[in-house]
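The next block holds one structure in the form of structure tokens; read it before the comments.
The values are calculated or read from the model by the stated rules, or taken from the named source; none is laboratory data. Keep in mind the model is a prediction, meaning the values are calculated, not measured. Using ideal geometry, Cβ is built from the backbone for each residue, glycine included, and neighbour counts are taken over all protein chains shown.
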Amino acid sequence: MIEFFSKLFSSEFMPHGHCYLWQPEILWLHVVSDATIAIAYYSIPVALLYFVRRRTDLAFNWIFVLFAAFIFACGSTHLLEIWTVWQGSYRIQGVVKLATAIVSVATAIILWPLIPQALRIPSRKDLEEAYENLEELVQARTKQLDEANSLL
């Protein structure tokens, strides 16, 4: 195990480019695709974290942070896919994949019990109906007060 971690960033293996026979069209197809996916994956956690910072009133805002970590880890796997086209650094790639797997499984395990709780959150329609009912009640009470005051 010590040897594994001492060679974590070693590139002693054959890079993926050899598998592509260094053909530019297939190599760049994979590189550009992985880069595009990584950029998208890195932008999503930024948006989620921005949202969480702006909406501190949310009951489950921490799940967004967990989603951000999960998606960030996924983006990192795609960056390492690009790296291994030219460098055979499969140990670090495996470690990042393991970290991604752990965060992914944790997110999935934690998410499922939250679903019933999240479904109990009132919908916009429910809140609008409650507001309308309160408005009607306020108007009725105001009318009663006006009538009672006129009798004085």
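Results for (1) surrounded by 15 or more Cβ atoms within 10 Å (Cβ to Cβ); (2) under 16 Å from the mean Cα position of the chain (by Cα); (3) modelled with pLDDT of 95 or more, shown as yes or no for each residue.
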site	(1), (2), (3)
Ile39	no, yes, yes
Pro45	yes, yes, yes
Arg55	no, yes, no
Leu58	no, yes, no
Ala68	yes, yes, yes
Thr77	yes, yes, yes
Ala108	no, yes, yes
Leu114	no, yes, no
Arg120	no, no, no
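Going by the structure shown, is Ala47 over 25 Å from Ser10 (Cα atoms), of a type in the set (A, V, I, L, M) and assigned to a helix (DSSP H, G or I)?
Working: over 25 Å from Ser10 (Cα atoms): yes; of a type in the set (A, V, I, L, M): yes; assigned to a helix (DSSP H, G or I): yes.
Yes, satisfied.
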Kindly state which helices (runs of 4 or more DSSP H) lie completely within region 51-152 and contain at least 3 residues that are within 30 Å of His16 (Cα to Cα) and touching a residue at least 60 places away in the same chain (Cβ under 8 Å).
61-86, 90-119
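What number of residues in region 6-35 are touching a residue at least 40 places away in the same chain (Cβ under 8 Å) and part of a helix (DSSP H, G or I)?
Restricting attention to region 6-35, the residues satisfying the condition of being touching a residue at least 40 places away in the same chain (Cβ under 8 Å) are 7-17, 20, 27, 30-31, 34-35.
Filter once more, keeping what is part of a helix (DSSP H, G or I): 16-17, 27, 30-31, 34-35.
Of the residues in region 6-35, 7 are touching a residue at least 40 places away in the same chain (Cβ under 8 Å) and part of a helix (DSSP H, G or I).
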